[in-house]
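Written out below as structure tokens is the structure these notes cover.
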Amino acid sequence: MTPNPLKKPASQSAFSDHRSTARAGMVFWKTGAAPALVPLRISEKPKVALQGISVTYGVNGSRLLALDNIELKVRAGEFLCIVGPSGCGKSTLLHLIAGLQKPTSGQILVDGQGVEAPGTDRILIFQELGLFPWLTVAENVEFGMKMKNISKAEREEKTHHYLRLVHLAQFKDSYTHQLSGGMRQRVALARALATEPDVLLMDEPFAALDAQTRDLLHDELERIWAETGRTIIFVTHNVREAVRLGDRVVLLTFRPGRVKREFEVELPRPRHLEEVDVARTARAILEDLREEINKSLEAEYEAHR
Amino acid sequence: MRRIGRQVIFYGILFGLWFVLAKLKIWPPYIFPTPWGVAESLGAGFQDHSFWIAIGVSMKRMLLGYGISVMLGMVLGLAVASNKFLEDTIGGLLVSLQSLPSICWLPLAVLWFGLTEKAILFVVVMGSLLSVTIAMEDGRKQMPKIYGMAGRNLGARGFKLFWYVLLPASLPFIVSGLKQGWAFAWRSLISGEMIFVSLGLGQLLMMGRDLNDMSQVIAVMILIIAIGYIVDGLVFKTVERRLQNKWGLAPAT
């Protein structure tokens with residue numbers, strides 16, 4: 001295989017031997033050396049720890065086990081991606097960490113402290129965004145700060161800063177329904193960042209976007225993550241996206257959701273969706289995931305019979 | 001354009017019929033008023049300021065009574081919407097009370113408050129409180145849950161969550177209920193004002209009856225319709241449209 005001419009040789013060194021395995025750039029259960037473009041604050045102390053998390057729902061009188069004994073540690077400054085078929089409880093997991101929902105059993109620790117309620121140290125970007133349509137873009141972004149009683153001057157300054165970070169400064173007085181999908185997504189990102197959370201939780205944020213916009217937002221998210229050093233837990237059903245963005249990819253099983261496998265992604269950054277290494281890594285994960293997707297499809301057919 | 005044309009023709013025929021019947025003098029004018037008599041009454045009423053005073057008095061009562069029921073209704077509606085126990089108890093009571101015409105509260109109000117301002121206010125409040133409460137409850141339930149979650153997620157709690165998130169999020173859903181509440185309040189007010197010398201539009205109506213002055217009765221009725229229409233059709237419609245625009249809910253036209 002010829003080396004990709006677009007890539008710097010330095011970033012290739014660790015992964016030059018593509019013949020060895022389809023899983024180049026991926027090491028199981030091993031923390032790798034820091035790649036080129038990573039935040040400064042990677043540490044081994046877990047920022048977020050899920051201990052024996054289980055969630056059951058009551059559905060028509062019977063109990064449905066949604067999440068089963070999830071054990072997960074997330075390092076400070078890590079970009080963790082969670083993938084799994086629909087119905088595996090990915091979103092539930094984020095709601096739990098955000099404190100919007102309580103686990104049936106188990107404990108969630110953030111900096112060693114148990115999570116009891118929502119807190120602005122963990123901000124969730126919902127799949128549907130949940131931007132407030134009665135507020136302008138700038139008012140949306142400053143909302144969290146307003147709730148924290150931060151002074152108006154400081155709010156304005158930070159709002160401006162974060163809107164610039166997502167390239168929306170000139171749209172500050174627009175209403176959110178006047179913006180395109182990608183712009184709304186960036187408003188949601190700015191709103192979440194403006195409350196300055198340690199942990200950013202993202203629930204399939206780019207699922208509804210066209211490919212070009214999504215590529216662009218991947219680049220921006222990676223850049224912002226590197227600049228701000230936040231811990232990001234990113235849920236998606238798109239394995240390539242997970243490999244494109246994550247330091248680590250956690251694969252969940254279909255109902256009940258369990259951690260099936262964890263993959264360390266040691267590809268150099270910045271990455272691109274169409275890179276061979278990304279595709280190759282994604283394919284390896286996808287093979288594992290396919291089994292779960294089949295299970296979820298089967299369950300769907302069963303339900304419709 | 002065709003709609004307006006039809007309306008012009010319809011009202012033209014109606015008015016012409018009235019004019020012809022009045023001209024034929026089949027019934028005495030205290031039973032069947034003439035168009036020119038009504039026009040005269042309208043003119044005279046505005047000229048001697050009695051209509052203006054009545055409108056002022058009635059509107060003041062309306063604003064006060066309606067204001068009270070919006071405030072109370074908001075609290076009640078939210079309480080009922082957010083608490084299962086209250087919903088099963090008070091919620092059911094409210095729905096059953098709504099079938100009671102508001103004028104039925106009048107005897108009770110007179111016994112409690114006498115022939116006073118308070119009695120009229122009470123009837124107005126009782127007339128609109130229920131529909132405001134039910135509208136508020138519905139609005140809270142129809143409101144997408146995501147806003148509440150997003151608000152809590154961003155650190156809004158308690159009163160702040162209500163004031164900055166839940167209330168604005170449910171506004172487009174409650175505005176039609178507020179409109180209905182206004183219409184009920186307006187009806188209750190006019191009925192309430194009829195029972196004693198209260199200086200409002202309702203009393204002007206009764207005065208017309210007492211004096212066998214059918215022209216005045218019709219003139220005041222036209223006035224009541226006009227005010228109701230202006231508030232309902234213009235003020236509330238505009239507010240509704242503005243809200244829907246701002247919330248991005250407006251249907252594409």
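Please compute the net charge surrounding A:Ser62, taking Lys and Arg as +1 and Asp and Glu as -1 over other residues with Cβ under 15 Å from its Cβ.
In short, +1.
Taking the Cβ-Cβ separation of A:His304 and A:Glu227 as r and a Förster radius of 60 Å, what is the calculated FRET efficiency to the nearest 0.05? Write down the numbers at each step before the final one.
Values: r = 47 Å, r/R0 = 0.78.
Computed FRET efficiency for A:His304 and A:Glu227: 0.80.
I want to check the label-to-label distance for B:Met71 and B:Arg6. Put each point 7 Å from Cα in the C-beta direction and report it in nm to one decimal.
4.5
Give the shape of the protein assembly as shown as rounded, prolate or oblate, defined through the alpha-carbon gyration tensor: a ≥ b ≥ c are the square roots of its eigenvalues, a/c under 1.5 means rounded, and otherwise the shape is prolate if a/b is larger than b/c and oblate if not.
Judged from the Cα gyration tensor, the protein assembly as shown comes out prolate (a/c at least 1.5, a/b above b/c).
Would you mind pulling out the separation of the Cα centroids of the range A:146-161 and the range B:15-62, in Å?
Result: 60 Å between the Cα centres.
Taking H as built 1.01 Å from N, whose amide H comes closer than 5 Å to the amide H of A:Ala66, not counting residues under 5 places away?
A:Val55, A:Thr56, A:Tyr57
Taking chain B as the reference, fit the longest principal axis to its C-alpha atoms, fit the long axis of helix B:35-47 to the helix C-alpha atoms, and give the angle between the two in degrees, 0 to 90, nearest 10.
Taking Cα atoms only, the helix is inclined about 60 degrees.
So what's the convex hull volume per residue for the Cα atoms of the range B:178-252, in Å³?
Details: hull volume 6.3 nm³, N = 75.
Roughly 84 Å³ of hull volume per residue.
How do B:Ser41, B:Ser176, B:Ser69, B:Ser82 stack up against each other in accessible area, from largest to smallest, with a 1.4 angstrom probe? Please report the intermediate quantities before stating the final value.
Details: B:Ser41 25, B:Ser176 60, B:Ser69 0, B:Ser82 85 Å².
Ranking B:Ser41, B:Ser176, B:Ser69, B:Ser82 by accessible area, largest first, yields B:Ser82, B:Ser176, B:Ser41, B:Ser69.
Could you sort B:110-123, B:230-243 so that the peptide with the highest average Cβ count within 10 Å comes first and the rest follow in order?
Sorting B:110-123, B:230-243 by mean packing, highest first, produces B:110-123, B:230-243.
Please give the residues of the range B:27-58, grouped as numeric ranges, whose backbone N is less than 14 Å from a label point set 7 Å along the Cα-to-Cβ vector of B:Asp210.
Backbone N within reach: none found.
For the range A:83-199, rounded, prolate or oblate, judged on the Cα gyration tensor with a ≥ b ≥ c (square roots of eigenvalues), a/c < 1.5 rounded, else prolate if a/b > b/c?
Oblate, since a/c reaches 1.5 and b/c is not below a/b.
Evaluate peptide A:186-197: per residue, the Cβ atoms of other protein chains within 10 Å of its Cβ; return the mean as an integer.
Counting Cβ atoms of other protein chains within 10 Å of each residue's Cβ and averaging gives 1.
What's the ranking of B:87-97, A:283-293 by average number of surrounding C-beta atoms within 10 Å, highest first?
Descending packing order for the listed peptides: A:283-293, B:87-97.
Quick one: with all protein chains in place, what share of the accessible area of the protein assembly as shown is carbon or sulfur, to the nearest percent (1.4 Å probe)?
On the way: 17090 of 28170 Å².
It is 61 percent, rounded to a whole number.
Run lengths n ≥ 4 of DSSP H only: what is the helix-derived mean residue ellipticity at 222 nm for chain B, with -39500 (n - 2.57) per run over all residues, to the nearest 500?
-24500 deg cm²/dmol, from helical runs alone.
Rounded to the nearest Å, what's the spacing between the alpha carbon centres of the range B:169-233 and the range A:264-278? Just the number, please.
The range B:169-233 and the range A:264-278 have Cα centres spaced 72 Å from each other.
Under the 0.36 nm per residue contour assumption, what length would be gained going from the current alpha-carbon distance of B:Tyr30 and B:Ala226 to full extension?
That works out to 68.3 nm of additional length.
How far, in degrees from 0 to 90, does helix B:214-229 lean away from the longest principal axis of the Cα atoms of chain B, to the nearest 10?
Helix B:214-229 sits at roughly 30 degrees to that axis.
Below 13 angstrom from the Cβ of A:Thr236, what's the summed charge of the other residues (Lys, Arg +1; Asp, Glu -1)?
In short, +1.
Given a 1.4 Å probe and the protein chains all in place, what does the accessible area of A:Asp111 round to, in Å² to the nearest 10?
A:Asp111 has an accessible surface of roughly 70 Å² with all protein chains in place.
Using a 10 angstrom cutoff on alpha carbons, build the Gaussian network for chain B and name the most mobile of B:Gly148, B:Gly192, B:Gly228.
Checking each option, the largest mean-square fluctuation is seen for B:Gly148.
Once the Cα atoms of helix B:237-247 and of chain B are each reduced to a long axis, what angle between those two axes, in degrees from 0 to 90 to the nearest 10, is obtained?
For helix B:237-247, the angle is close to 20 degrees.
Quick one: if you stick a label point 7 Å off each Cα along the C-beta vector at A:Ser296 and B:Phe19, how many nm between them?
The modelled label-to-label distance comes out at 7.4 nm.
The values are calculated or read from the model by the stated rules, or taken from the named source; none is laboratory data. Values in this document were obtained by computation on a predicted structure and should not be read as measured data. Quick reminder, even Gly has a Cβ in these numbers, built from the backbone with ideal geometry, and neighbours come from all protein chains shown. Areas reflect the complete protein model, heavy atoms only, side chains present, ligands, DNA and RNA absent. Shrake-Rupley method; radii C 1.70, N 1.55, O 1.52, S 1.80 Å.
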